[in-house]
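The values are calculated or read from the model by the stated rules, or taken from the named source; none is laboratory data. All values derive from a computational prediction rather than experimental measurement. We place every Cβ from the backbone using ideal geometry, glycine too, and count neighbours over all the protein chains shown. Ligands, DNA and RNA are excluded from the accessible area calculation, which covers all protein heavy atoms including side chains. Shrake-Rupley method; radii C 1.70, N 1.55, O 1.52, S 1.80 Å.
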Amino acid sequence: MKKSAAAKLIGMPWDFASLFNEAIRSLPERAMTKRDYMWASELGKDYTSRYLRMHAHPMSNPINDRSRRKFVMGHVTEWIVGIILTLTGVLKSKQLRGEVTLPGMLRVSGKMDFIAGGDVDWAEAKEKVKEVRSLFALSLDDMPPIIFHAIDRVLFQMEQMFTRVPLKEYIIEVKSCSTFISERLMKSGKPMPDHTLQAFHYTLANDIDSMLIYLCKDDAMCHQFEITKSKPLIKLYTEDVATMTAYFKASGKNYLKNMPPKAPEVEFDAGTFQFLKNSQVAYSNYLTMLYGYKDFDEFKYKWQYKVTAWNRVFKRAVRGDNITPANTVIIKDAINHFPQWDGFVSKAKKAGAFQKPEEGGEDE
């Protein structure tokens, strides 16, 4: 008589994607409370949204799952940079608070990501890398090989260059970005204006120069910008804080009647000579309340093709290409929103923009 085969336990099907996405969706949110100060991360951003958040006005467009995912990836990027700074021995401290209160103005507060530099014991740093590597080798967990490769290469090069010389100390602010922003940084040679003011705030608060680091989520391209004290930046910072202070102090009992003017929905970026959808409007928590759009997709649908057409014809005008009747219609539409069109064309020509086929990528 044949023995019956042992029963095989199949197990219940499960779905990692759903579990992970639910974990992101369930992230706790910071409760809105009325405040008379600004966060450093708000500097350079549109005044109306800032104003409403400071008054703890209910959001018409609360944080959605996409925003949460972007937030999480920003923290992952910061974590990667933090590991490399730590294991190469250059990290001094992290998450220190920096506050600035200019005379007669609102206080600005924030936490910087890292402070790195100074005297480094390279032998100790190499021992720490060995220790961490062996720790991971003995566990079930592991780091991606690229992390240790990056640590080894950075440590080797820094030891070669700075064996007898201390490193300059920097406040390091880390930002993750998309390919679109990465290319914009390369073309303009400048960091994003709001990130510049945020990094400058930490420099002003701690009297240490800042290093603004961007890491592209799509291809790991890294960009770096040094932010130092300068008259132009002090002027920009002071104007931003003074303007927000004036709006907030004039809010009165019925703050909704005295709101700042709304930010434009489309902007012209002088660094890359492009018309761009204003991301601060697109991702505003008050998009419906202030602009009447149901959501980000409706905003994007209105402007995507229009802005793309403007940029295409703008490049033709700058290069001196033949302007067709269809192009003329597009130019008239652009001038309705930007009467400075001819001035933009003139400046782009003087700068030699769009003379190479690869230059002048269009908005995402």
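Structure above, values below:
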quantity	calculated
Added length on full extension, which subtracts the Cα-Cα distance from 0.36 nm per residue, ALA326 to SER26	103.1 nm
Highest-MSF residue in the chain out of LYS306, LYS231, LYS277 [GNM, Cα springs under 10 Å]	LYS231
Dipole magnitude (debye, nearest 20) for the chain, charges at Cβ of Lys, Arg, Asp, Glu	800
Simple label model, 7 Å out from Cα along Cβ direction - ARG153 to SER93, nm	3.2
Accessible area of GLU29 in the full protein assembly, 1.4 Å probe (Å², nearest 10)	100
Length gained when the stretch ASN258-LEU167 is fully extended (0.36 nm per residue, less Cα-Cα span)	27.8 nm
Peptides ranked, highest mean first, by Cβ atoms within 10 Å: ranges 251-262, 14-25, 328-339, 200-211	200-211, 328-339, 251-262, 14-25
Using alpha-carbon coordinates, inclination of helix 193-206 to the longest axis of the chain, degrees	60
Nearest 10 degrees, 0 to 90: helix 231-249 Cα axis against the chain principal axis	80
List ILE84, ILE10, ordered by accessible area with a 1.4 Å probe, largest first	ILE10, ILE84
Sequence-distant residues sharing a close amide H with MET211 (under 5 Å, placed H)	ILE171, ILE172, GLU173, ILE227
Among (1) 1.13; (2) 1.21; (3) 1.07, the entry that matches Cα Rg over 2.2 N^0.38 Å as calculated here	(2)
Heavy atoms of PHE114 accessible to a 1.4 Å probe, total area in Å² rounded to 10	10
Whether segment 171-287 is rounded, prolate or oblate, judged on the alpha carbon gyration tensor where a/c under 1.5 counts as rounded	oblate
Simple label model, 7 Å out from Cα along Cβ direction - ASP207 to ASP333, nm	5.6
Across LYS262/LYS302; LYS34/LYS277; LYS45/LYS249, pairs whose alpha-carbon gap is larger than 21 Å	LYS34/LYS277
Listed residues CYS222, CYS177 arranged by accessible area, highest first, probe 1.4 Å	CYS222, CYS177
Environment charge of SER67, counting only residues whose C-beta is closer than 12 Å and scoring Lys/Arg +1, Asp/Glu -1	+2
Principal-axis tilt of helix 145-161 within the chain, Cα atoms, nearest 10 degrees	80
Shape category assigned to segment 63-140 from the gyration tensor of Cα positions, a/c cut at 1.5	oblate
Solvent-accessible surface (1.4 angstrom probe) belonging to VAL90, in square angstrom, nearest 10	10
